[in-house]
């Protein structure tokens with residue numbers, strides 16, 4: 001996926017799941033790090049090692065799990081970071097969501113290619129739901145559709161996150177009766 005696709009889909013997935021713009025922004029910032037780190041580590045030989053060691057999900061998932069486990073699975077609050085009361089918990093949660101952006105990057109790459117599963121040197125898991133554009137940095141039609149689906153699902157879940165099942169069903173009954 002392109003960097004724009006990673007940023008948009010990761011932001012929308014985390015915003016829809018947590019309802020926190022801060023957590024979504026932190027995940028957005030981590031969502032391009034696996035690709036950026038290839039430039040730092042491999043330099044001009046980046047394409048030779050693309051989607052190998054930096055796209056192995058186990059270290060990123062372990063780091064995210066460690067951060068979330070340490071703070072009791074909380075979503076970071078900007079107010080706690082500003083006033084300082086209990087801010088160390090929220091800092092760990094911020095780092096956890098940054099690592100979650102890295103994990104989501106790898107999951108999103110598995111939708112359009114292969115990534116390592118158990119062996120970091122071998123790309124062996126993934127499906128080709130859509131293909132990438134031939135032009136660098138351009139989103140293909142399939143990638144645009146994937147990102148649009150992520151955004152629509154996130155908007156829907158963000159708008160209806162406080163509804164219970166009963167309220168959700170009564171909403172659709174009212175909607176259906178008005179048609």
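The values are calculated or read from the model by the stated rules, or taken from the named source; none is laboratory data. These numbers were taken from a predicted model, which means no experiment stands behind them. Cβ placement follows ideal geometry from the backbone for every residue including glycine, while neighbour counts extend to all protein chains displayed.
Here are the numbers for the structure shown:
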{"quantity": "Qualifying residue in the stretch 145-157 (condition: in contact with a helix residue (DSSP H, G or I) (Cβ under 7 Å, 6 or more places away or on another chain), modelled with pLDDT under 85 and in a loop (DSSP other than H, G, I, E, B))", "calculated": "no"}
{"quantity": "Some residue of the stretch 29-37 being within 19 Å of residue 90 (Cβ to Cβ) and surrounded by fewer than 21 Cβ atoms within 10 Å (Cβ to Cβ)", "calculated": "yes"}
{"quantity": "Unmet requirement for residue 101, which otherwise passes all of (1) buried (at least 16 other Cβ atoms within 10 Å of the Cβ); (2) farther than 16 Å from residue 11 by Cβ; (3) modelled with pLDDT of 90 or more", "calculated": "(2)"}
{"quantity": "Hits in the stretch 67-76 (condition: part of a helix (DSSP H, G or I) and either in contact (Cβ under 8 Å) with a residue 24 or more places away in the chain or in contact with a helix residue (DSSP H, G or I) (Cβ under 7 Å, 6 or more places away or on another chain) (or both))", "calculated": "67, 68, 70, 71"}
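To keep it simple, each residue is scored yes or no on (1) in a helix (DSSP H, G or I); (2) closer than 28 Å to residue 158 by Cα; (3) without any contact (Cβ under 8 Å) to a residue 24 or more places away in the chain; (4) touching a helix residue (DSSP H, G or I) at 6+ places or on another chain (Cβ under 7 Å).
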position: 22; (1), (2), (3), (4): yes, yes, no, yes
position: 28; (1), (2), (3), (4): yes, yes, no, yes
position: 62; (1), (2), (3), (4): yes, yes, yes, no
position: 136; (1), (2), (3), (4): no, no, yes, no
